[in-house]
Amino acid sequence: MTLDTVKSALIDANQVQPYRELGLRDDEYARIKSILGRRPTSSELAMYSVMWSEHCSYKSSKVHLRQFGEKQPKTDALLVGIGENAGVVDVGEGYAVTFKIESHNHPSFVEPYQGAATGVGGIVRDILTMGARPIAIMDPLRFGPADASDTKRVLPGVVAGIGGYGNCLGLPNIGGEVVFDETYSGNPLINALCVGVMRHEDIKLAKASGVGNLVVLFGAKTGGDGIGGVSVLASESFDSAKPSKRPSVQVGDPFAEKVLIECCLEIFAEDLVIGIQDLGGAGLSCATSELASAGTGGMHVVLDRVPLRDPSLAPEEILMSESQERMCAIVEPEKISRFLELCTRWDVTATVIGEVNDSARLTIEWENEIIVDVPPRTVAHEGPVYERPFAEPAGQKRLQANLPNSIARPRSPEELRMTLLDLISCPNLADKSWVTNQYDKYVQGNTVLAQPEDSGIVRIDEKTGLGVAISTDVNARWCLLDPYEGTRLALAEAYRNVATTGARPLAVTNCLNFGSPEDPAVMWQFERAVTGLADACLELGLPVTGGNVSFYNQTGDVAILPTPVVGVLGVIDDVAKRTAMAISTEGDELYLLGETREDFAGSEWAHIHGHLGGMPPRADLDHERRLANLLIEASTSQILSAAHDLSDGGLAIAVAEMSLRKRVGARITIDGDPFVALFSETPGRVVVVVSQWHRNEFLALAASHRIVTHHLGVTGGSALVVADNFEIQLSELADAHQGTFPRLFAGTR
Amino acid sequence: MARFIVEVMLKPEILDPQGAAIAAALPRLGFAGLTSVRQGKRFEIEIEGPATAEKIAEIESAAELLLANLVIENFVVRVDE
């Protein structure tokens, strides 16, 4: 193939270009031509196509995501907001924390191990890029039915990939979710969250400022990994008839990443960079254009200098390659020798590939010819923006009217007992140790709480005990029934989970997984979900610090359940005062906080009976705020022995989980309809355990926060006893709870 | 009795971190001039009876199903004479 240069683009102006195959529309191609005043070269076309893809440009979501900025509550905590690699919040004592979730759904379906592993690698680099040391990861996962044969292929590979990469990096995996639903069959959701910590003054931004400063590419060599991965793979759903579109899979090397992390942190400590960007989706195209666009505005890159793993790569491929474990830094000329010295010390390949200038153009040369000459903002920040049509799906009202009343409800004590066993052993509620035992939860010695606790907590300062808590949540079935309310409920739950462990919620991130934005029904779900989240964040006073949108999650015409995963980060002044979920002593008092109503629409009970319909409960955020304040205050004053949020499966599941943790039973008394009392999923409820000595103090505190309390019973014994109804030995509950995952997945690897 | 050798290698364009680590270690041990290392897997499979075309096809489908991950690996089957 002959080299397509800017010169030849002018001479051979009418050459037919495969822009449609690269995912560009006619009008987008026309716009590129009008920006450049000529046809793009093939390298420019590659850059625009990948940067203007849904995955990189957020072209369908941008108009809605603006709400996160417009509705942002007043807060002093936010140090860096949306738009950078990850948001940064102030957690006190001079520390700043950055956290973010990203999706790696499509690559993980193609090659579960490497897809999930590189998902972890990518989010860790995003956090590193902000100047922070990554300290923990979490993985919210969604799969098809647990007994489906493809789930047996995908889940074990994904779990091993997350464990393999994260464990090699020495990062504790402190939580996440594993949820099964039919709609994820051909499209699992592999979301990865990373949190990192730094001092305020160490925050780094992705910008290329200062004429004459050098552009350095460092880390792994560039190979043919995931070429077209972003524009083709992440933006078009799978079509088994088109195997030719399968790109080469990216393979991660966690040891290379570990070295890169340490190398970067030393470089940051000596203040050797002006700006930095990791190479993720769209590789060099993305890093160079984003750095140039956010900085002085001009950059020249000599592409021949990029160290290659595969010397046969064409310049277009080098620009598109998604080889892992690479970073791009802007370094002042007087600091370059020290920069390169540190890279050598860590055995990290580092190459000066270009220079910042004031030309307002990003120019790239190859074999002494200019092959790219573009205004960088048009590539990175001024991509197309679509106002996609959205409309409530035709069947939405019918879906909401289809109440779960047709399912026969358990009435007799024996039926209620069986319902508890059915729920606690169903894949969505079963013990996830089979998954989480493959992750290192305690490496680095700062993990305070990890799965299955309500939120994961890591200590960030050994002297003061300062720590951060994180929880991710969403009941996607509620989001299908009412995406606005469902997303508010997701925030409410993550918020409550953080508070339940004693941490004060501070900031929000999200990973919005949806079907095709070209479908008005999906776009309606998306618009409702974003509006719901933005409104709820404003009401709770929490800023959204960033997030990720993953569209085209569907198999054929069937979209996944709308799955806006919401992550809440909280701060805890002294991790020694956190509250865990386990009932650990006999003779303590159990209280239920919050009112119980009949809420079975979208519940796990309805799900195991194959029903999905009705209206989800409404999130009462004023109540949530008061409840959180109560929990945080009670935790800080050390008057709670344990606390656990009620979610899927309701009260019975929550108490059973609390009892199973340390095998201390409980005897509870319930009022009204026992089925509703035990299994309803009304939000805004928490079970707490209080010793007799703290009981009066606690009740007074609850009253002062206007939180309704119901005395449930006392802890003790080796069974869960529901007075006047049934009792189950903890050993029987444990067998049901813990047997599911090994039965489904043992031997699949 | 016949014996088959199945060799599984990462596809040439796929990164091989183990091979790269070995390639980096060799010069440190004094082996100079080695430019690249790729690491793979070798399976030796024995069957009763002769290596018929049918048996070879069977081994090939076993390799496709279990021994190799065709998304990132290639394999070759040969009869060990």
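Summary of the geometry: region A:695-721 and region A:468-510, compared by the centres of their Cα atoms, lie 24 Å apart. If I take R0 = 45 Å and measure r between the Cβ atoms of B:S61 and A:E341 in this structure, what FRET efficiency does the formula 1/(1 + (r/R0)^6) give, to the nearest 0.05? With a Förster radius of 45 Å, E is 0.25. With contacts taken as Cα pairs under 8 Å at a separation of at least 6 residues, region A:353-447 carries a relative contact order of 10 percent.
In nm, to one decimal, how far is the A:S718 label point from the A:W693 one, both placed 7 Å along Cα→Cβ? For the pair A:S718/A:W693, the computed spacing is 2.9 nm. Axis angle, to the nearest 10 degrees, between helix B:17-28 and the longest C-alpha principal axis of chain B: 50 degrees.
Computed over neighbours whose Cβ is under 13 Å from that of A:F143, the net charge equals -2, Lys and Arg +1, Asp and Glu -1. Available extension along the chain between A:R66 and A:M615 is 194.9 nm, counting 0.36 nm per residue and deducting the alpha carbon span. Residue by residue along A:302-314, Cβ atoms of other protein chains within 10 Å of the local Cβ number 1 on average.
Helix content alone sets the calculated 222 nm mean residue ellipticity of the protein assembly as shown: runs of n ≥ 4 DSSP H residues at -39500 (n - 2.57) each, divided across all residues, give -10500 deg cm²/dmol. A straight chain from A:A746 to A:L403 at 0.36 nm per residue would run longer than the Cα-Cα distance by 119.8 nm. Each label was represented as a point 7 Å from its Cα along the Cα-to-Cβ direction; for A:L10 and B:A24 these points are 4.5 nm apart. Once you have a ≥ b ≥ c as the square roots of the Cα gyration tensor eigenvalues for region A:288-364, tell me rounded if a/c is under 1.5, and otherwise prolate or oblate according to whether a/b is larger than b/c. Judged from the Cα gyration tensor, region A:288-364 comes out oblate (a/c at least 1.5, b/c at or above a/b).
The mean number of Cβ atoms from other chains found within 10 Å of a Cβ in peptide B:66-73 is 3, as a whole number.
If you average the C-alpha positions of region A:114-158 and of region A:374-400 separately, how far apart do those two centres end up, in angstrom? Rounded to whole Å, the Cα centres lie 26 Å apart.
For region B:2-79, what ratio Rg/Rh do Cα atoms give with a Kirkwood hydrodynamic radius? Reported Rg/Rh (Cα atoms, Kirkwood Rh): 1.12. Measuring r between the beta carbons of A:D147 and A:A576 and using R0 = 56 Å, the FRET efficiency lands at 0.85.
Shape analysis of region A:404-556 places it in the oblate category; the axes a ≥ b ≥ c from the Cα gyration tensor give an a/c of at least 1.5, with a/b not above b/c. Here the peptides A:164-174, A:268-278, A:115-125, A:724-734 are ranked by packing, the mean other Cβ count within 10 Å, and the order with the highest first is A:115-125, A:164-174, A:268-278, A:724-734. Per-residue mean of foreign Cβ neighbours for B:15-22 is 5 (Cβ atoms of other chains, 10 Å radius). Pairs of Cα atoms nearer than 8 Å and 6+ residues apart set the relative contact order; for chain A it is 15 percent.
Extension gain, A:E332-A:E732: 0.36 nm per intervening residue step, less the Cα-Cα distance, totals 137.4 nm. Extending 7 Å from Cα along the Cβ direction at A:K441 and again at B:E7 yields two label points whose distance is 4.5 nm. Each peptide among B:65-77, A:344-356, A:674-686, A:485-497 gets the average number of other Cβ atoms lying within 10 Å of its residues, and from highest to lowest they stand as A:485-497, A:674-686, A:344-356, B:65-77. Against chain A, whose longest principal axis is taken from its Cα atoms, helix A:650-662 shows a tilt of about 90°. Peptides B:45-55, A:417-427 ordered by packing proxy, namely the average of other Cβ atoms within 10 Å per residue, highest first: A:417-427, B:45-55.
Taking the C-alpha atoms only, the angle from helix A:483-500 to the longest principal axis of chain A is near 70 degrees.
Rounded to 0.05, the FRET efficiency of the B:E73 and A:A360 pair, given R0 = 45 Å and the Cβ-Cβ distance, is 0.45. Pairs of Lys residues in region A:33-158 that lie 8 or more places apart, or on two chains, and have C-alpha atoms under 27 angstrom apart add up to 9. Candidate cross-link partners of A:K577 among the lysines, defined by an alpha-carbon separation under 16 Å and a same-chain spacing of 8 or more, comprise A:K463. As a length-normalised measure over Cα pairs under 8 Å and 6 or more apart, the relative contact order of region B:2-79 settles at 52 percent.
Taken together, the values in this text are just the output of simple stated rules run on the coordinates, not laboratory data. Small disclaimer: the values here were computed from a predicted structure and weren't measured. Positions of Cβ are backbone-derived with ideal geometry, glycine not excepted, and every protein chain shown enters the neighbour counts.
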